[in-house]
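Asker: So that we are looking at the same thing, I have put the structure below in structure tokens.
The values are calculated or read from the model by the stated rules, or taken from the named source; none is laboratory data. The shown structure was predicted, so the numbers you read here are calculated from the model rather than taken from an experiment. Here the Cβ positions follow ideal geometry from the backbone for every residue, glycine too, while neighbour counts run over all protein chains shown.
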Amino acid sequence: MPEQVPDTPQRAQRAKKAVIPAAGLATRFLPASKVVPKELFPVVDRPALQYVVEEAVAAGLDDVLLITGRGKSLMIDHFDRRPDLEERLKAKGDQARLEAIIRPAEMATIHSVRQQEALGLGHAVLCAERHVGDEPFAVLLGDDFIDERDPVLPTMVDLAATTGGIVLLLMEVPWEEVHRYGVAVVEPTDTPDVVRVGGLVEKPAREDAPSNLIVVGRYVLPPGIFDAIRRTGRGRGGEIQLTDAMELMRQEGTPVHGVIFRGRRYDTGTPEGCLQAAIRLACDRDDIGPEFRQWLVEYVDRELRG
Ligand code: UTP
């Protein structure tokens, strides 16, 4: 019998704060990420992190906590004003760029806390405890890019306000790729594209995989996660894993649901993903799109198709 997901949101508080862990070492993007945080790499003309903050704000979460690490304070600067630059743009009459540099400073209240050592995603989330307090909250990974034309965070926040517990974002991948990801054990519910999650299997072989639904970097978590993280030892790679803490809560009776995402998403933590996101967005832009698309078509015809 598929589970009934209640329609009326009355069982849990609604998440109001967003936490963006961005303190990882970004080894997949070296050497570019040696000094500059990968979250600041541009996707066309905005840093990847700005899109993630915009996504949180669009879901009604305009209190944003960035978890930063060594050498990552530039990320905070991006969300601050730049009076000297503003003056110059005003003098030139460049209104569009003036608005573009002020916008990041005005769209949300940005807070930050430092994770002193990169001990894993679970440990990074624990750094948010004091700021978040006793409320559910959303976690958005700074290197997971969801196209703003396919918003899914509002659905996740609504679902968590109805079901309570943990809400994950899941995405189908080809079965040959499941061994690279955390894969969910799922049961259907009465709501299309909402599943009950009965466990997570880390990087299974294709024949052992319980589904081809992988966990991607958006979560709505209850405040009990902090205590669960504290009770979680070091896991895979010697890191304190968020997945292990969520699994502990699930085993202790916390409901875990997944929203299946069918939109556009890129892993901007790798050069390939970052390039894919940039090319797709550039092609679709009204201003630079037409010329860029023409160049791309000519390039593919001339150089790739021979
Ligand atoms: P990743 O597994 O992508 O690690 O972390 P990473 O260090 O960013 O990148 P690679 O794999 O070495 O290339 C997932 C998310 O968790 C954050 C990262 O910044 C990223 O957004 N994270 C990870 C932390 O904030 N702290 C950590 O200790 C680990």
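Asker: Filter the stretch 232-270 down to residues that are surrounded by 20 or more Cβ atoms within 10 Å (Cβ to Cβ), within 18 Å of VAL186 (Cβ to Cβ) and either free of Cβ contacts under 8 Å to residues at least 24 places away in the same chain or over 21 Å from the mean Cα position of the chain (by Cα) (or both), then give me how many there are.
Answerer: Looking only at that region, the number is 1.
Asker: May I ask you to list the residues in the stretch 225-241 that are at pLDDT 95 or above and of a type in the set (A, V, I, L, M)?
Answerer: ILE225, ALA228, ILE229
Asker: Please enumerate the residues belonging to the stretch 29-82 that are within 16 Å of the ligand (Cβ to nearest atom), part of a loop (DSSP other than H, G, I, E, B) and surrounded by fewer than 14 Cβ atoms within 10 Å (Cβ to Cβ). Full working, then the answer.
Answerer: Step one: list which residues in the stretch 29-82 are within 16 Å of the ligand (Cβ to nearest atom), which gives 29-41, 43, 47-53, 55-56, 64-76, 78.
Keeping just the survivors that are part of a loop (DSSP other than H, G, I, E, B) gives 30-31, 35-37, 41, 69-73.
Listed by number, the residues that qualify are LEU30, PRO31, VAL35, ARG70, GLY71, SER73.
Asker: Just to be sure, is ALA205 modelled with pLDDT under 95 and out of contact with any strand residue (DSSP E or B) (no Cβ under 9 Å at 6 or more places or on another chain)?
Answerer: Answer is yes for this residue.
Asker: Go through the stretch 121-132 residue by residue and tally those that are part of a helix (DSSP H, G or I) and within 14 Å of the ligand (Cβ to nearest atom).
Answerer: 6
Asker: Further question: Among the residues of the stretch 135-147, is any surrounded by fewer than 17 Cβ atoms within 10 Å (Cβ to Cβ), within 10 Å of the ligand (Cβ to nearest atom) and not aromatic (Phe, Trp, Tyr)?
Answerer: No, the stretch 135-147 contains no residue that is surrounded by fewer than 17 Cβ atoms within 10 Å (Cβ to Cβ), within 10 Å of the ligand (Cβ to nearest atom) and not aromatic (Phe, Trp, Tyr).
Asker: Could you please find all residues in the stretch 159-181 being within 17 Å of the chain's Cα centre (by Cα) and acidic (Asp, Glu)?
Answerer: Once the filter is applied, which keeps residues that are within 17 Å of the chain's Cα centre (by Cα) and acidic (Asp, Glu), the stretch 159-181 yields only GLU172.
Asker: Looking only at strands (runs of 3 or more DSSP E) that fall completely inside the stretch 133-191, which ones have 3 or more residues that are touching a helix residue (DSSP H, G or I) at 6+ places or on another chain (Cβ under 7 Å)?
Answerer: 137-140, 166-172
Asker: Does the stretch 184-195 contain any residue that is away from the ligand (no atom under 14 Å from the Cβ), surrounded by 13 or more Cβ atoms within 10 Å (Cβ to Cβ) and within 25 Å of GLU239 (Cα to Cα)?
Answerer: yes
Asker: Please go through the stretch 184-194 and give me each residue that is touching a strand residue (DSSP E or B) at 6+ places or on another chain (Cβ under 8 Å), more than 17 Å from GLN251 (Cα to Cα) and β-branched (Val, Ile, Thr), ordered by number.
Answerer: Narrowing the stretch 184-194 to residues touching a strand residue (DSSP E or B) at 6+ places or on another chain (Cβ under 8 Å): 184-190, 193-194.
Right, trim to more than 17 Å from GLN251 (Cα to Cα) and you get 188-190, 193-194.
If the condition is that a residue be touching a strand residue (DSSP E or B) at 6+ places or on another chain (Cβ under 8 Å), more than 17 Å from GLN251 (Cα to Cα) and β-branched (Val, Ile, Thr), then THR189, VAL194 are the ones that fit.
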